[in-house]
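Below is one structure; the comments refer to it alone.
The values are calculated or read from the model by the stated rules, or taken from the named source; none is laboratory data. In this text, all values refer to a predicted model and were calculated from it rather than measured experimentally. Here the Cβ is made from the backbone with ideal geometry for all residues, glycine too, and neighbour counts use every protein chain on show. Note: accessible area is taken over every heavy atom of the protein model, side chains too, but ligands, DNA and RNA are not part of it. Shrake-Rupley method; radii C 1.70, N 1.55, O 1.52, S 1.80 Å.
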2 protein chains.
Amino acid sequence: MDNIKIAIWGFGAMGAGMAKMLLQKRGVDIVGVCDVHPDRIGKSVAEVLKVDKYNDIIINGDIETVLSNKKVDLCLLATDSFTKGAFPKLKLIMDKKINVITTAEEMAYPQAQEPELAKELDEIAKVNGVTVLGTGINPGMIMDLLVVCLTGCMETVEYIEAKRVNSLSPFGITVMEEQGVGITLEEFNKRQAQGELAGHVGFKESVNMISDALGWKIEKFEQQMKPISTTVNRKSPYGFAKAGTLAGINMTGQCYIDGEVKIDMIHPQQIEPEMEGTHTGDYITIKGNPQVNMAITPEVEGGIGTIAMCVNMIPHVINAKSGLKTMIDLPVPRAILGDMRDLID
Amino acid sequence: MDNIKIAIWGFGAMGAGMAKMLLQKRGVDIVGVCDVHPDRIGKSVAEVLKVDKYNDIIINGDIETVLSNKKVDLCLLATDSFTKGAFPKLKLIMDKKINVITTAEEMAYPQAQEPELAKELDEIAKVNGVTVLGTGINPGMIMDLLVVCLTGCMETVEYIEAKRVNSLSPFGITVMEEQGVGITLEEFNKRQAQGELAGHVGFKESVNMISDALGWKIEKFEQQMKPISTTVNRKSPYGFAKAGTLAGINMTGQCYIDGEVKIDMIHPQQIEPEMEGTHTGDYITIKGNPQVNMAITPEVEGGIGTIAMCVNMIPHVINAKSGLKTMIDLPVPRAILGDMRDLID
């Protein structure tokens, strides 16, 4: 069997990270990369990643060329956060009979906010005989799939709290902007009032994934966004927060079912949290029978986590029936330590 | 759509527990129960469970009658720990075109110790167009599926430690005997020397499930069994350990891959651990990138956990392609809070 052939669209922190991870894996090759950033376009993957392999893969700004040059089994799309933005790209990829995994947060459960587009994506995938999946560390794993999985050993579930205290340091420019890293409180208030601050994208996706998996009907979902100010200068590879500005955002959300809050989401995100004494961790508390109190300390690192989730799901997506899939439709994710081809049915 | 029709074979602590859980669920009915225990045979399910429903379901010692009276979609088999013992029962069920979920620990991954029987079960299932799954809290979830799931957000995995410190108190007579609860140290030594003490059944299943999921080749697996003596009288619903006898067994296991121990299994099990200051918990430590340190405290309760895993997997098993399946082949387990029929494809 030939090596699995992967194209990558978007070669920022996530896309380049996936390429680095794929370099360590057997039975899989990168056959093309699309990115329009002036620092990267025209350079080889080897040059950008500072590695020996893939001198011959030149980063191309034209996706048509990238996907038409060679046979591609699956495209990793790491360009967008929202389904609307990712949609035309997903369509383009799938119309070429290529499977796709995207980091777009809303695509972890597009049924939540874009049910029409979700339906359309499912149809496009089925017409072309391919599969589309959105995943990442969160949404995709920590505050949804892992919650769902833990309820699997429960008879009854009364209440769920999912809390992720994490660091934004590993993430790229897009995330820094979405999370308001480095902006003033004044700017935060202004952008929030104008609805221009994304904050964490994923609560609605996560609570809908959980509710649909368990059979709960959501009556109402509310979320809040509060600034996390820093008193010291904080610097991460792609972000900088001067003392007095925002190191990140604390988001909270409440999901109402049967007239009461059944799911609480708590997610303070910031660059370099340790600089002011915040320790990271992932916490899931599920009341019911039996009660489950889970803690992962420190947090599962978000950057590597998202990269790993996307790469590790490649065989599951290739094996899946065609259509739009979410993490609750597919077998559990797993690290790939052997030859990736051995995992293809 | 008609309610899902369930038969239960084996009405001890596990089988009866599943019946109680099913009583709370919508869209599903118990249509027959087989058990040969003199305390239960001839009685109604209502009488045994002390509930109002199922006055008309009489516990029958003849499985042929139970499975032939009415249409059955799936049979829950809670009679055995070993694949060999469960095999003829699984075959009988599947030859009647009925799906089956079993609590038999070895059946959580029968490929590990009974590859020939596993192959045969897969064939029997396919010929009959049905699915067979073994599951439970452990093996089936805590020391294997959850480990696999957590590696899904990792690029590399170097070493895994899975530790379950649990209570045997919720389990039935069979487990008390397998775990040597209440026997003397002398008897422990004798039975261990003669290979007559099962201890925890599942290490080989769990490490093979993990290794196969990740793509590791096991070179060697070793396990040890040590007595847990009690200095006080301990009593659980189905067990009793007089001071000086065994409250349970501590099992440890090491899985060698590439010349070194890559998986450590640690599993002390006893009745009423709190009586001598042991606090229960489930701990998974995975070294690699990123490292994952998970703790669930207290342990996910074993009795309810096993019952819930079996019942919650019913829709996944009915939906699955025919054949022998394990937990790594199917979508993640989840609590069923709505109508069970809504989960059938």
Checklist outcome for this item: B:ASP264 and A:VAL261 label points (each 7 Å along its Cα→Cβ direction) are spaced in nm at 4.0 nm
Next on the checklist: If you take the accessible area of B alone plus A alone and subtract the pair, what total do you get in square angstrom, rounded to 100, with a 1.4 Å probe?
Outcome noted: 3900 Å²
Next on the checklist: Along each principal axis of its Cα atoms, how long is segment B:195-345 end to end? Whole angstroms, biggest number first, please.
Outcome noted: 54, 45, 34
Checklist outcome for this item: Regression test value, accessible area per residue of segment A:145-299, probe 1.4 Å, units Å², expected 39 Å²
Next on the checklist: For a quick check: with amide H placed at 1.01 Å from N, whose amide H comes under 5 Å from B:GLY338's, ignoring anything fewer than 5 positions away on the same chain?
Outcome noted: none
Checklist entry - How long is the gain from B:LYS50 to B:LYS119 if the chain were fully straight, where each residue apart is worth 0.36 nm and the alpha carbon distance is subtracted? => result 20.7 nm
Next on the checklist: Per residue of segment A:191-207, what does 6.51 cos²θ - 1.76 cosθ + 1.60 with θ = phi - 60° give for ³J(HN,Hα)? Whole Hz please, x for Gly and Pro, Karplus curve as stated.
Outcome noted: 5, 5, 4, 8, x, 9, 10, 6, x, 5, 9, x, 4, 4, 5, 5, 5
Item to check | Low-density loop positions, GluC sites (Glu not before Pro), segment B:142-205 - DSSP coil, at most 16 other Cβ in 10 Å | outcome: B:GLU196
Checklist outcome for this item: The ³J(HN,Hα) series, computed from each phi in segment A:250-256 with the Karplus coefficients 6.51, -1.76 and 1.60 at θ = phi - 60°, rounded to the nearest Hz and given as x for glycine or proline, is 9, 10, 10, x, 10, 10, 8
Next on the checklist: Show me, for segment A:15-22, the HN-Hα J-couplings you get by feeding each phi into the Karplus relation (A = 6.51, B = -1.76, C = 1.60, θ = phi - 60°), rounded to Hz, glycine and proline as x.
Outcome noted: x, 5, x, 5, 4, 4, 5, 4
Item to check | GNM top mover of A:LEU150, A:LEU246, A:LEU90 - chain A, alpha-carbon springs below 10 Å | outcome: A:LEU150
Checklist entry - Dividing the Cα radius of gyration by the Kirkwood radius, what Rg/Rh value follows for chain A? => result 0.96
Checklist entry - trypsin sites (Lys or Arg not before Pro) within segment B:52-90: which are DSSP loop residues with at most 13 other Cβ atoms inside 10 Å? => result B:LYS70, B:LYS71
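Antiparallel as a % of all DSSP beta bridges within the protein assembly as shown, to the nearest 5?
Antiparallel bridges make up about 60 percent of those DSSP assigns within the protein assembly as shown.
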Checklist entry - Quick one: length gained pulling A:GLU196 to A:LYS97 fully straight, 0.36 nm per residue minus the C-alpha distance? => result 32.1 nm
Checklist entry - Over chain A, what is the mean sequence separation of C-alpha contacts under 8 Å (at least six apart), divided by residue count, expressed as relative contact order in percent? => result 21 percent
Checklist entry - Could you give the radius of gyration (one decimal) and Dmax (whole number) of the Cα atoms in the protein assembly as shown, in Å? => result 26.0, 80
Checklist entry - Pick from A:PRO268, A:PRO115, A:PRO170: which is most flexible by mean-square fluctuation in a GNM of chain A where alpha carbon atoms under 10 Å apart are linked? => result A:PRO115
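For chain A, which whole-number percentage of the solvent-accessible area (1.4 Å probe, protein heavy atoms only) is attributable to carbon and sulfur atoms?
48 percent
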Checklist entry - All other residues with a Cβ under 13 Å from the Cβ of A:THR83 taken together, and with Lys, Arg as +1 and Asp, Glu as -1, what is their net charge? => result -3
Checklist outcome for this item: Residues whose built amide H sits under 5 Å from the amide H of B:GLN269, excluding neighbours closer than 5 in sequence, are B:ILE249, B:ASN250, B:MET251
Checklist outcome for this item: With all protein chains present and a 1.4 Å probe, the order of A:ARG191, B:ARG234, B:ARG334 from largest accessible area down is A:ARG191, B:ARG334, B:ARG234
Next on the checklist: Give me the percent relative contact order of segment B:145-299, please, defined on Cα pairs under 8 angstrom at least 6 residues apart.
Outcome noted: 36 percent
